[in-house]
Ligand SMILES: NC(=O)c1ccc[n+]([C@@H]2O[C@H](COP(=O)([O-])OP(=O)(O)OC[C@H]3O[C@@H](n4cnc5c(N)ncnc54)[C@H](O)[C@@H]3O)[C@@H](O)[C@H]2O)c1
């Protein structure tokens, strides 16, 4: 017995003269179904590269393996830096997990969805291992990493005490600091010099000394210092020649972070900028970075509120929902919050936070939806909260026929807990870049935009802020380096 349906969808029972004939019919139907499936699979295989799985092209640019120690040098041993270093040590000791880190926990799909290949990122590209990381830093305060982490109050004292011998061993070198650039703080551990060039020379000595004493095979500099006052590029920042002259002449438009960047890049050391200061976002630094094959990236870690903004805004644009206003306020009580209470430092941060919406929503292309947005960002210093920030957003959107709606986001986050895995990933990826024949001479590493509020791009190119475009850019860069097919998500081949 078998069922069949007529053209009007009515079900009928098929009658057979004997049970043998019915079985024969069922066998034939099953064989037909198998043959059809086999034919579909063969077609799919042919379209997806002719074999069981797509074939990688030759590897083009991951470069040398990560042999030896990697020295991580951090100007600014505050909340973010200590949470990062203590975290790495806790993970190395097996007492915590690297949650939030793409290099440690992330996977990367290779080939077609039918290939079943998704290795861990750290197994796919040759990254330094956590055991190979060695650290140093600079700060205007004399606290070692244990004391600084205890003061920052981000991590439990019980955890810090388990890491005490290691954290105590990381002591700050004296800093290059100018109170005019960070008005809310001052400290005793500061270098003296005849000129800014002299200070740069002292930093270069520190770098060489650290490389020698730590036995590091390669170095990275990661700016985790305070946000400096807002300035715009001047003639002094336009070329190496002009910048070096300005260093010798103590030009006031050269901020301390730029002196660290110069010292690193001239020593051939890559530099990442976690704050919104200009620092490496200047023609002189691009010139130096390319010349010395020392990659640069920045600026301003994308951690809490802006992370959410760059997830939500692309969703509104994808669905053509209009936006009339976005009010973002923050209350935080750590030292970063205190520094940002100064109007000059706040302006630097504000610029970095404000750019995001315009680039994602493209009001020029969608004037009726995004041509008239009221976007406001406030940061309020509120000591009781410490590092546990509250990022509160009120979003006014409108839909079909212009009807208004509201969204509220209240992110009770922990600033440095969100920043630490970003620091780790940047350290490891910048080190990959400096070993990669394809990446090391490019200067700006746009593929690392994923980690920044204000991603750097070459002049004239607008940045990508959409988190998911940034992630695709990052993973496709890794696939490209390894000669794997880029993933476009077209997917027609599965449906022929
Ligand atoms: N935590 C986050 O989520 C986050 C996100 C984006 C950006 N940031 C930026 O990262 C930076 C660090 O944040 P944090 O919370 O650790 O701040 P923090 O105030 O705890 O630490 C900054 C440290 O830098 C030191 N410092 C300042 N100027 C210096 C100089 N010239 N040389 C050496 N040391 C210097 C300060 O003494 C301080 O110890 C800030 O600029 C902040 O705006 C943080």
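The values are calculated or read from the model by the stated rules, or taken from the named source; none is laboratory data. Computed from a prediction, not measured in an experiment: that's the story for all the values here. All Cβ positions, even for glycine, are placed from backbone atoms using ideal geometry, and neighbour counts span all protein chains on display.
Based on this model, can you work out whether residue 430 counts as surrounded by fewer than 22 Cβ atoms within 10 Å (Cβ to Cβ) and within 12 Å of the chain's Cα centre (by Cα)? No, not satisfied. For segment 123-135, a residue qualifies if it is buried (at least 21 other Cβ atoms within 10 Å of the Cβ) and either at pLDDT below 95 or outside any strand (DSSP E or B) (or both), and the qualifying residues are 124, 125, 127, 128. Every test in (1) touching a strand residue (DSSP E or B) at 6+ places or on another chain (Cβ under 7 Å); (2) modelled with pLDDT under 95 is passed by residue 232 save one, and that test is (1). Consider segment 285-301 and keep the residues that are crowded, with 24+ Cβ neighbours inside 10 Å and either away from the ligand (no atom under 16 Å from the Cβ) or modelled with pLDDT of 95 or more (or both). The one that is nearest to residue 448 (Cα to Cα) is 297.
The single condition among (1) in contact (Cβ under 8 Å) with a residue 60 or more places away in the chain; (2) out of contact with any helix residue (DSSP H, G or I) (no Cβ under 6 Å at 6 or more places or on another chain); (3) outside any loop (DSSP other than H, G, I, E, B) that residue 269 does not meet is (3). Just so you know, in segment 151-200 the residues that are touching a residue at least 60 places away in the same chain (Cβ under 8 Å) and more than 16 Å from the ligand (Cβ to nearest atom) include one that is nearest to residue 249 (Cα to Cα), and it is 166. Is at least one residue of segment 308-316 free of Cβ contacts under 8 Å to residues at least 40 places away in the same chain and more than 16 Å from the ligand (Cβ to nearest atom)? The answer is yes; a qualifying residue exists. Scanning segment 191-221 for residues that are in a helix (DSSP H, G or I) and touching a helix residue (DSSP H, G or I) at 6+ places or on another chain (Cβ under 6 Å) turns up 196, 197, 199, 200, 203, 204.
Checking each residue in segment 373-404 for being farther than 13 Å from residue 330 by Cα, touching a strand residue (DSSP E or B) at 6+ places or on another chain (Cβ under 7 Å) and part of a loop (DSSP other than H, G, I, E, B) picks out 373, 399. Checking each residue in segment 405-420 for being in contact (Cβ under 8 Å) with a residue 40 or more places away in the chain, under 12 Å from residue 330 (Cα atoms) and either away from the ligand (no atom under 13 Å from the Cβ) or over 26 Å from the mean Cα position of the chain (by Cα) (or both) picks out only 409. Each residue in segment 201-239 was checked for being under 28 Å from the mean Cα position of the chain (by Cα) and surrounded by 17 or more Cβ atoms within 10 Å (Cβ to Cβ), and 22 pass.
Regarding segment 344-358, can at least one residue be identified that is within 16 Å of the ligand (Cβ to nearest atom), farther than 25 Å from residue 180 by Cα and either within 23 Å of the chain's Cα centre (by Cα) or modelled with pLDDT of 85 or more (or both)? Explain how you work it out, then say what you get.
So the first thing to find is which residues in segment 344-358 are within 16 Å of the ligand (Cβ to nearest atom), and the list is 344-356.
Filter once more, so that each one left must be farther than 25 Å from residue 180 by Cα: 355-356.
Subset that is either within 23 Å of the chain's Cα centre (by Cα) or modelled with pLDDT of 85 or more (or both): 355-356.
Looking through segment 344-358, at least one residue is within 16 Å of the ligand (Cβ to nearest atom), farther than 25 Å from residue 180 by Cα and either within 23 Å of the chain's Cα centre (by Cα) or modelled with pLDDT of 85 or more (or both).
Only one residue in 154, 182, 170 is surrounded by 19 or more Cβ atoms within 10 Å (Cβ to Cβ) and more than 24 Å from residue 426 (Cα to Cα). Which one? Write out each step before concluding.
On the way: 154 fails: more than 24 Å from residue 426 (Cα to Cα); 170 fails: more than 24 Å from residue 426 (Cα to Cα).
Result: 182 is the single residue among 154, 182, 170 that is surrounded by 19 or more Cβ atoms within 10 Å (Cβ to Cβ) and more than 24 Å from residue 426 (Cα to Cα).
Just checking, which of 467, 478 is surrounded by fewer than 23 Cβ atoms within 10 Å (Cβ to Cβ) and under 30 Å from residue 217 (Cβ atoms)?
Details: 467 fails: under 30 Å from residue 217 (Cβ atoms).
Being surrounded by fewer than 23 Cβ atoms within 10 Å (Cβ to Cβ) and under 30 Å from residue 217 (Cβ atoms) holds for just one of 467, 478, which is 478.
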